[in-house]
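Engineer: Below is a structure I'd like to ask you about.
What follows draws every value from the coordinates through simple rules; no lab data is involved. Being a predicted model, the structure only gives us computed values, none of them experimental. Glycine also receives a Cβ, built like all others from the backbone with ideal geometry; neighbour counts cover every protein chain displayed.
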Amino acid sequence: MIESMTGYGKEVIHLPSKTISVEIKSLNSKGLDINVRIPSAYREKELEIRDKIAKTLKRGKIDFTVSVDIAGEIVRNQINKAVVNQYIRQLADIVNGDPLELLKMAVRMPDSMSAQAETLDEAEYAKLLSALNTALKRIQEFRIYEGEILEKDFKQRIKNIQSLLTKIEKTDGNRIEAIRNRLHKAVSELKEEVDENRFEQELIFYIEKFDITEEKVRLNSHLNYFLEVLKSKESNGKKLGFILQEIGREINTIGSKANDASIQQLVVQMKDELEKMKEQTMNIL
């Protein structure tokens, strides 16, 4: 079973004074890259959150966001009455002004206001973790669904390459004999005496350069191995990528050794299928 690295999961918590949204997005990446955006009240738990995400998703470019919508108004700043009164007295010593105007001036002075530090509510954080678990479950379901689509596509493209390989095998049956006959004809047209034994030895050596039997066997083996890895319980995009590299080597060698236009056309079609598969493996976990 394979899993895609692309996924999305979201969960919303409704509390008496606020609504908390937990959102996870995932894209393909060579490794694990987690980007966390959370309110300052949860900052002390960031490492714990990162660890939980890493253990579940394992690989990909992950964007994790927690957003909080406050229901009603919560006062975050407090007036330092003693400081403000002191400013008013000092200002009154300097100018005779309306008390309201002096107050307006005083509240603009340094330290006249103090911000309340946001503190972590453990009960609220427990609900946040529960929402994170739900979002992670949903993104995993998304990844599995995308993986099933990719798996069907891979199987079809492997089948296409196998079909093209069968056509190559049928064409290859007459290719070597055609090369042999062509060379015999070329030598006979020279109207020169030729050492038949030496000619046959050279001919065998020459034809061996065009023999693609081993490449066909190895290519078929790699295609079957790719299908076996698709069936494994754990998703392994890197391993599938390595197998595709080996498949590509055999296809390229067949194309370079074939010396036959019809086979090379089939090789081009194989390469087209292979490139599409390579693009897709970059998105596999």
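Engineer: Can you order the peptides 12-19, 131-138, 231-238 by their average number of other Cβ atoms within 10 Å per residue, highest first?
Structural biologist: Ranked from most to least packed, the peptides come out as 131-138, 231-238, 12-19.
Engineer: Can you sort Asp260, Asp111 so the residue with the fewest Cβ neighbours within 10 Å comes first?
Structural biologist: Asp111, Asp260
Engineer: Taking only Cα atoms, what is the 0 to 90° angle, nearest 10, from helix 196-208's long axis to the longest principal axis of the chain?
Structural biologist: That helix lies at roughly 10 degrees to the long axis.
Engineer: Take the eigenvalues of the Cα gyration tensor for the chain, scale each by 5, and report the square roots as semi-axes in whole Å, largest first.
Structural biologist: 76, 21, 13
Engineer: Kindly identify the stretch 244-285 as rounded, prolate or oblate by the Cα gyration tensor criterion: order the square roots of the eigenvalues as a ≥ b ≥ c, call it rounded if a/c is under 1.5, otherwise compare a/b with b/c, prolate if a/b is larger, else oblate.
Structural biologist: The shape class here is oblate.
Engineer: Also, quick follow-up: Return P(r) of the stretch 1-46 (all Cα-Cα pairs; 5 Å bins starting at 0; whole %; ordered from short to long distances).
Structural biologist: Computed distribution, short to long bins: 5, 14, 20, 23, 17, 11, 7, 4, 1.
Engineer: What is the set of long-range amide H partners of Gly60 at a cut-off below 5 Å, with H atoms built 1.01 Å from backbone N?
Structural biologist: Ser29, Gly31, Leu32, Asp33
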